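The block underneath contains the structure these notes are about, expressed in structure tokens.
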Amino acid sequence: MENLLLGNVKSTAEAAEVVSLEPRSSGVPQAWTRPMRVALIGNFAPRKCGIATFTTDIFEQLGRFQPETRLDVYALQDAEDEAADARAYAEILRSEPDAYALAARRMNEDGVDAVWLQHEFGIFGGDCGEHVLGLVERIAAPLIVTLHTVLSEPSTLQDAITRRLVARASHIMVMCQAGCDLLVERYRADRDRVSVIEHGAPDWPLRLSGAGEGSPKSRRLMTFGLLGPGKGLETAIEALPAIVRRHPDTIYRIAGVSHPNELRRHGEAYRQSLEALAERLGVAGHIEWINRFLDPEELGELLQDCDIYLTPYLNLQQATSGTLSYAVALGRAVVSTPYIHARELLADTGGVLVEPGDSAAIAKAVNRLLDHPAELEALQLRTYRRGRRTIWRHWAANAKAALESAVAPERALPVTIERIAPGLAAFDVLCDGTGMLQHGNYVVPDRRHGYCLDDNVRALMLVSRVPWRSPGEELRRASTFASFLQYAWNPEVRRFRNFMNYDRSWCETIGSEDSNGRAIWALGDTAAHSRLPGLRGWAAQGFDVHAEIALEFVSPRSVAFAALGAAALLEGDPSHRMARAIIERCGDLLDKLLGGIRRPDWTWFETVIGYDNPRLSQALIECGRALGRTDWIEAGLDSLRWVLANQCGAKGVFRPVGSESFGRGGDILPFDQQPLEAWAAIDACVSARRCDPDSSLWLEHGRRAYRWFLGDNDRNVPLADLQLGSCLDGVTPHGANQNVGAESLLAFQLAYYGYEQLLGCAGPDWREDAAQSHRG
């Protein structure tokens, strides 16, 4: 039990009842305890505002009660501000959009376990604080958001920002149940990712008003916080004449400075209007103005010295009031308007609620309590008992549990798991007599989306890699996918179609250029690697008939896909003219793109980051191998080093460029992470290691990419089911995407066989190969 210093509690029974109270559960699951490093973002001392006070309290109280949690404070600042408290880890200039991206980069490079954002629309730069989105979309660690305001009637932009935060957050904290309900009902938040953790408060002893012999006759009312018109203080002042007529020694303390926004817009006009009102009503002598920002100790003394705490706020949607939390924690009797936080916090204390703007109701409530000292003390005791749930010790335990619920525990994967060949049950389930279906709902095929050429040509390539028990097994599967590819050709336009409905009707006349490039890749790959002579002959013939279209491709990836097929074919048939022409065109295109765009911090082929990125490097390396171009090989290796370095987290896990990055210029965003990127990285490492066998870099990167499937990723979630051979659709900010699509499944299966090849490939030095080619 707690060892409390109780003042003026009338009986040991009452004291024991107060002492034995336990905190109410916040609904946060209790988790393991381990050291954590958390980036904490918000206003911070010495700034004078509620968010700054709360963020500073988080830093101090979590450090006190959960010292194994390290907090790196990122303090929001204006250029003209004095420097943040020395305890701050870094500052973010709130009006500078680039500052948010730089902060996110630093958090990613530090490898923090979580990012904890204190959100209020007014504290971030941009319209409605929209600059904050530039940070949250770039961080890789789980995002925890404390929403200090949840609006029931937001503007269009406020609505969009809230929805983006809800979608991006791994966990959301709110301080009242109404805020949780609103998030779920209006903003479609997952209730399991929202916890209600009431505003924390200091653990101070209870001091009852005491109406017994020797107690003071004067009574004190109090309100504290930042002053502004929304506080409704004019209503409380209008109630004073009726109160002082009945209790002449009453003093009303109004503590706190004017809100910074109010000062900027109107100066001290609001405070002066209140002073003038008190003069007109003849109660100026009953008001004590404390025009300064109070430190916690002074605040505690003033609160303990007051009998009744007033919060006559006009905004009934206010979901959080730190001042009310403090008053309740000290056991002050409360008279308040029924705003959200007051309704919830005072529900089981008997605190008095009055309508906004009703000065007569305030006077009646205050006079009744002052008239009946025993009732006042009973209310104070009940309020103090309720406040025990919110003291910082309990708050810190609940906050730590919420942080841990959002951060997946670290998993130690045995090395032997890497060599387990995945099963093929899930692969077979997605296939029928037409081909491979595109999508699954979990592991159940979803026929509504039909088929696509992209998946069927990948499936054809997989068949050439799996060690089937008999040629018949291989043929039964390969012929289905080969037939799909063959039927996809549209001779009228000399292009392959891509998407097919479940009823076998085509959705289009011409498929994407990328799908056409993958078809040429699969033909060359099958001609080179199939164990079935008949299938090799069919693929070689198909390459001869269709590969010429690759000379018309514009997209670098389409050209690269076709070149990978051509390079595979050329290994077995060095005199194949079309394959050589495709390789010459691809190598020249990629080399010129890299040379034209490359700069010291951007060793890449494009000004934007796209998908299947390592394929470009792999294609340039393979073109160099095929033609003995050492300069192309060197350029391909350099670009691969760069892209793999940008796909590695601070903790050493593979972090594929997220799909949100596609087409965003130099932005490299962490989510959503797609299996195709991991497979591409492994295959590119195979090509690199064949040219550079002495470098352990390629094996290291390839292992990192393969273990991404097994759970070594930013959310520590396994994507692959080794027994069934299925693979979830990627890593999101919240964990794994639970659907299983053909693309993801095939990427995992092909990644396994690519990784096996990486472990076994060595071969002669590529420089000698190139020299021999030139001599030949």
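What is the local net charge at Leu745, summed over the other residues whose Cβ is closer than 10 Å to its Cβ (Lys, Arg +1; Asp, Glu -1)?
Around Leu745, the charge tally is -3.
Mind ranking 569-575, 527-533, 238-244 by how tightly packed they are, going by the mean number of other C-beta atoms within 10 angstrom, highest first? Display every interim value, and only then the final one.
Numbers: 569-575: 16.6, 527-533: 18.6, 238-244: 21.3.
Ranking, from highest mean packing down: 238-244, 527-533, 569-575.
Using only the Cα atoms, what convex hull volume per residue in Å³ does the chain have?
Spelled out: Cα convex hull of the chain, divided by residues, is 177 Å³.
Determine the dipole magnitude for the chain: charges of +1 sit on the beta-carbon of Lys and Arg, -1 on that of Asp and Glu, nothing else is charged, the reference point is the Cα centre, and the result goes in debye to the nearest 20. Numbers along the way, then the final one.
On the way: 82 positive and 101 negative charges, 176 e Å.
Dipole size: approximately 840 debye.
How many lysine pairs does the chain hold where the Cα atoms are under 28 Å apart and the two sit 8 or more places apart or on different chains?
Numbers: Lys10/Lys217; Lys10/Lys364; Lys48/Lys231; Lys48/Lys400; Lys217/Lys364; Lys231/Lys364; Lys400/Lys651.
Taking the Cα cut-off of 28 Å, the pair count is 7.
P(r) for region 152-206, please, calculated from all Cα pair distances in 10 Å bins and given in %.
23, 47, 19, 9, 2
Could you give the size of the charge dipole of region 236-314 about its Cα centre, using +1 on the Cβ of each K and R and -1 on the Cβ of each D and E, expressed in debye and rounded to the nearest 20?
Numbers: 8 positive and 13 negative charges, 90 e Å.
With only Lys, Arg, Asp and Glu charged at Cβ, the dipole is about 440 debye.
Please report the relative contact order for region 640-690, taking Cα pairs under 8 Å with a sequence separation of at least 6, and give it as a percent rounded to a whole number. Don't skip to the answer; put the middle values down first.
Details: 46 pairs, mean separation 13.6, N = 51.
Taking the mean separation of contacting Cα pairs over the length of region 640-690, I get 27 percent.
Given Leu147, Leu745, Met107, which one lies farthest toward the positive end of the charge dipole of the chain, if we put +1 on the Cβ of every Lys and Arg and -1 on the Cβ of every Asp and Glu?
Ranked along the dipole, the leading option is Leu745.
Around Asn291, with a cut-off of 10 angstrom between Cβ atoms, what is the net charge of the other residues, counting Lys and Arg +1 and Asp and Glu -1? Can you show the working numbers first?
Numbers: positive: Arg271, Arg292; negative: Glu268.
With Lys, Arg at +1 and Asp, Glu at -1, the neighbours total +1.
Per-residue HN-Hα couplings for region 156-173, Karplus 6.51 cos²θ - 1.76 cosθ + 1.60 at θ = phi - 60°, whole Hz, x for Gly and Pro?
Each residue of region 156-173 in turn: 4, 6, 4, 4, 5, 5, 4, 5, 5, 5, 4, 5, 8, 6, 7, 8, 10, 10 Hz.
Averaged per residue, what accessible area in Å² does region 313-386 show with a 1.4 Å probe, protein chains only?
On the way: 2350 Å² over 74 residues.
Ligands and nucleic acids excluded, the result is 32 Å² per residue.
Of the accessible area of region 304-368, with the probe set at 1.4 angstrom, what percent is carbon plus sulfur? Spell out each step's value before the answer.
Numbers: 960 of 1900 Å².
Solvent-exposed carbon and sulfur of region 304-368 make up 51 percent of the total.
Hey, what do the phi angles of region 177-187 turn into as Karplus ³J(HN,Hα) couplings, whole Hz, using 6.51/-1.76/1.60 and θ = phi - 60°, x for Gly and Pro?
Each residue of region 177-187 in turn: 5, 4, x, 4, 4, 5, 4, 6, 7, 8, 9 Hz.
Given Val443, Ala519, Cys586, which one lies farthest toward the positive end of the charge dipole of the chain, if we put +1 on the Cβ of every Lys and Arg and -1 on the Cβ of every Asp and Glu?
Val443
Could you pull out every residue, at least 5 positions away or on a different chain, whose amide H is within less than 5 Å of the one on Arg495? Hs are placed 1.01 Å off N in the peptide plane, and Pro or chain starts have none.
Excluding prolines and chain starts, which carry no amide H, the hits are Asn490.
Relative contact order for the chain: what percent, with Cα pairs under 8 Å and sequence separation of 6 or more?
Working: 1498 pairs, mean separation 79.9, N = 776.
Worked out over the chain, it gives 10 percent.
Counting only DSSP beta bridges with both residues in the chain, what percent are antiparallel, rounded to the nearest 5?
25
What ranking do 449-461, 37-49 get when scored by the average of other Cβ atoms within 10 Å per residue, highest first?
Highest to lowest by the protection proxy: 449-461, 37-49.
Check which residues have an amide H placed less than 5 Å from Gly711's amide H, if you skip close sequence neighbours.
Leu719
Ignoring ligands, DNA and RNA, what percent of the 1.4 Å accessible area of region 420-510 is carbon and sulfur?
Numbers: 2340 of 4390 Å².
C and S atoms contribute 53 percent here.
Which of Ala378, Ile391, Ile362 sits closest to the plus end of the dipole of region 350-399, meaning its Cα is farthest towards the positive end, when Lys and Arg get +1 and Asp and Glu get -1 on the C-beta?
Ile391
Can you give the net charge of the other residues whose Cβ lies under 14 Å from the Cβ of Leu346, counting K and R as +1 and D and E as -1?
On the way: positive: Arg332, Arg343, Arg382, Arg385, Arg386, Arg389; negative: Glu198, Glu344, Asp348.
With Lys, Arg at +1 and Asp, Glu at -1, the neighbours total +3.
Expressed as a rounded percentage, what relative contact order does region 566-662 have, with Cα pairs under 8 Å and six or more residues apart? Before the final figure, lay out each step's value.
Values: 108 pairs, mean separation 24.0, N = 97.
It comes to 25 percent, rounded to a whole number.
Taking only DSSP H segments of four or more residues, each worth -39500 (n - 2.57), what value at 222 nm results for the chain once the sum is divided by all its residues, to the nearest 500 deg cm²/dmol? Provide the component values of the computation, followed by the final result.
Values: 28 runs with 359 residues, N = 776.
Calculated at 222 nm, the ellipticity per residue is -14500 deg cm²/dmol.
Would you kindly derive the ³J(HN,Hα) couplings of region 279-292 from the backbone phi angles with the Karplus curve 6.51 cos²θ - 1.76 cosθ + 1.60 (θ = phi - 60°), listing them in order in whole Hz, with x for Gly and Pro?
Coupling constants for region 279-292: 4, 4, 7, x, 10, 4, x, 9, 10, 10, 8, 10, 8, 7 Hz.
Please give the per residue volume of the convex hull enclosing the alpha carbon atoms of region 563-713, rounded to a whole number of Å³. Let's see the in-between values first.
Details: hull volume 16.3 nm³, N = 151.
Once divided by residue count, the hull of region 563-713 is 108 Å³.
Ranking request for peptides 274-284, 669-679, 638-648, 501-511: highest mean number of other beta-carbon atoms within 10 Å first, then the rest in descending order. Kindly include the intermediate steps, with their values, before the conclusion.
Numbers: 274-284: 15.4, 669-679: 24.5, 638-648: 19.5, 501-511: 13.3.
Top to bottom by mean Cβ count within 10 Å: 669-679, 638-648, 274-284, 501-511.
For Tyr313, which sequence-distant residues (separation of 5 or more, or a different chain) have an amide H within less than 5 Å of its own amide H, given hydrogens modelled in the peptide plane?
Residues meeting the amide H criterion: Thr337.
As a test of reading the structure, rank Tyr89, Tyr313 by solvent-accessible area (1.4 Å probe, protein chains only), most first.
Numbers: Tyr89 70, Tyr313 5 Å².
Greatest to least solvent exposure: Tyr89, Tyr313.
The values are calculated or read from the model by the stated rules, or taken from the named source; none is laboratory data. Predicted model, so just to flag it, every value in this text is computed and none were measured. Ideal geometry is used to build each Cβ from the backbone, glycine not excepted, and the neighbour counts take in all protein chains shown. Areas reflect the complete protein model, heavy atoms only, side chains present, ligands, DNA and RNA absent. Shrake-Rupley method; radii C 1.70, N 1.55, O 1.52, S 1.80 Å.
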